[in-house]
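Report on the structure given below.
The values are calculated or read from the model by the stated rules, or taken from the named source; none is laboratory data. The structure presented is a predicted model; accordingly, all values stated were derived computationally and were not measured. Note that we place each Cβ from the backbone using ideal geometry, even for glycine, and neighbour counts take in every protein chain shown. Surface areas here come from the heavy atoms of the whole protein model, side chains and all, with no ligands, DNA or RNA. Shrake-Rupley method; radii C 1.70, N 1.55, O 1.52, S 1.80 Å.
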Amino acid sequence: MAQYSGPDHILQQRQQHFYPCTSHFYRTPPQIVKGEMQYLYDHENRRYTDFFAGVSVVACGHCNPDIVRRTEEQLRTLQHTCTIYLTQPNADLAQRMAEVLPGTLKRSFFVNSGSEANEGALLLARLHTGKRGFIALEQGLHGRTYLTMSVTGLRMWRTDPQLEADRDVTFIPRPYERGMSDDEAAQRSLATLRKVLEEKGGEIAAMIAEPIQGNAGIIVPPAGYFAEVKALLAQHDVLFIADEIQTGFGRTGEMFAIEHYGVQPDIVTMAKALGNGVPVAAFATTDEIAASFNRPSASTFGGNPVSAVTALAVLDYIESHRLVQRSKQLGGILQEGLRSLAARYPQAITEVRGAGLMIGAELCGEDPPRGAVLVDDVLEQMKDRGFIIGKNGVDRNVLAFQPPLVITEEDIAGMLTALEETLRSLI
């Protein structure tokens, strides 16, 4: 068995060499040393069933052998050139993306991360419209570059204090509010959007939104919301950017979450699951909009042969193993199980929401600080019982279930049993 330094040594190294902004889950974190599909292993060879997937990244499973094999072959053949040279993998990937993207979206620009993809999409919107401003939803999260941070409404991720004075971004209420019906929250959001567009639509290049807000608590807008948003934006020649960084590639039971709403965005951004752990991201659009991005631009590592081949292997695996359909089916089973727990433990679980295998369970919604403490207690106990769960939400009081899409029904049943035992011991 390999020798590992152990969690205490790693914590000491992090304390000495990481920036203080870097945090970690758990009071007693394990040292993760190996991954196999839906499972992780620590330095003592203890197995954990992963229900967070690195925040929706390893949708096809950790170290998926079908994908790793193709990545390794490319690493041994041609590792890097850049798009200024002709290689087959990124051209094949761009063609394949056109086959899976919604509607008439067919042009892809490859980068390395979700932040880069969103930054590129916002730039593209400015280039195409000749306008400067943006609209974003309150509590959304779009990245850590300056422009993406500016359109991020979730306060804990607006790190730059100078963003408060940024006049290029107008936030509108998200279509969700505790105590409001879905329709009331949606109509409030749409009424604000209508007012903003009437007042300064001529200055706004695009609206950016996550089809399902992830870090803000897994918030699912009502069915007709984005169709109305798109219609309003079109009246003022404002583009719609769908941020699919977390939701893309089957996570929600559709290839892209915006497809639940029957809407084609003008630009879509993607990352995370596309590389299954290898850095690759993209922003995609139509022929017409892409034509506006004609000044020289490139990403040194974006679309390199290794990341492109990996992404192609990911798309092949998603298709051949029907992971989109699997996400919808197993997501229904997981939601049903969580709702059953909510009915038995209403003092703990106050709301269950989501789509496919992107599900949030809010704890103590009427008392978020108490819920945040309970979330941390649940995560700690579930880790000790062999299950990795995430957390998110504006108040960090939401349990996040975003497992690899290769999770099994037996894994879900085992996790739900452990979660019930954990809740019973804590409340």
Suppose the filter is exposed (fewer than 15 other Cβ atoms within 10 Å of the Cβ), charged (D, E, K, R), out of contact with any Asp or Glu (no Cβ under 8 Å at 6 or more places or on another chain) and in a helix (DSSP H, G or I); does residue 410 pass it? yes
When restricted to 184, 203, 177, 199, the only residue among the acidic types (Asp, Glu) and under 19 Å from residue 227 (Cα atoms) is 184
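Any idea which residue in segment 157-176 is nearest to residue 23 (Cα to Cα), counting only those that are assigned to a loop (DSSP other than H, G, I, E, B), modelled with pLDDT under 95 and charged (D, E, K, R)?
Here the answer is 158.
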For segment 122-137, pairs from a residue that is in contact (Cβ under 8 Å) with a residue 12 or more places away in the chain and farther than 18 Å from residue 194 by Cα to a residue that is part of a strand (DSSP E or B) and among the hydroxyl-bearing types (Ser, Thr, Tyr), with Cβ under 7 Å and 6 or more apart or across chains, are 124/285
Exception for residue 397 within (1) within 19 Å of residue 253 (Cβ to Cβ); (2) in contact with a Pro (Cβ under 8 Å, 6 or more places away or on another chain); (3) polar (S, T, N, Q) falls at (1)
How many residues of segment 66-79 are open to solvent by 50 Å² or more (accessible area, probe 1.4 Å) and touching a Pro at 6+ places or on another chain (Cβ under 8 Å)? The answer is 3
Exactly one of 93, 123, 105 is surrounded by fewer than 20 Cβ atoms within 10 Å (Cβ to Cβ), not acidic (Asp, Glu) and not in a strand (DSSP E or B), and that one is 123
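Which one of these is surrounded by 17 or more Cβ atoms within 10 Å (Cβ to Cβ) and either touching a residue at least 40 places away in the same chain (Cβ under 8 Å) or more than 25 Å from residue 261 (Cβ to Cβ) (or both): 156, 149? Even if it seems obvious, please write down each step before you answer.
On the way: 156 fails: surrounded by 17 or more Cβ atoms within 10 Å (Cβ to Cβ).
None of the other options fit; the residue is 149.
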Checked against (1) out of contact with any His (no Cβ under 9 Å at 6 or more places or on another chain); (2) farther than 24 Å from residue 116 by Cα; (3) of a type outside the set (Phe, Trp, Tyr), residue 220 satisfies every condition except (1)
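Collect the residues in segment 231-252 that are within 11 Å of the chain's Cα centre (by Cα) and not in a loop (DSSP other than H, G, I, E, B), keeping them in residue-number order. First the steps, then the outcome.
Taking segment 231-252 and keeping what is within 11 Å of the chain's Cα centre (by Cα), we get 243-249, 251-252.
Selection gives 243 alone.
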Considering residues that are touching a helix residue (DSSP H, G or I) at 6+ places or on another chain (Cβ under 8 Å) and assigned to a loop (DSSP other than H, G, I, E, B), the number found within segment 126-152 is 8
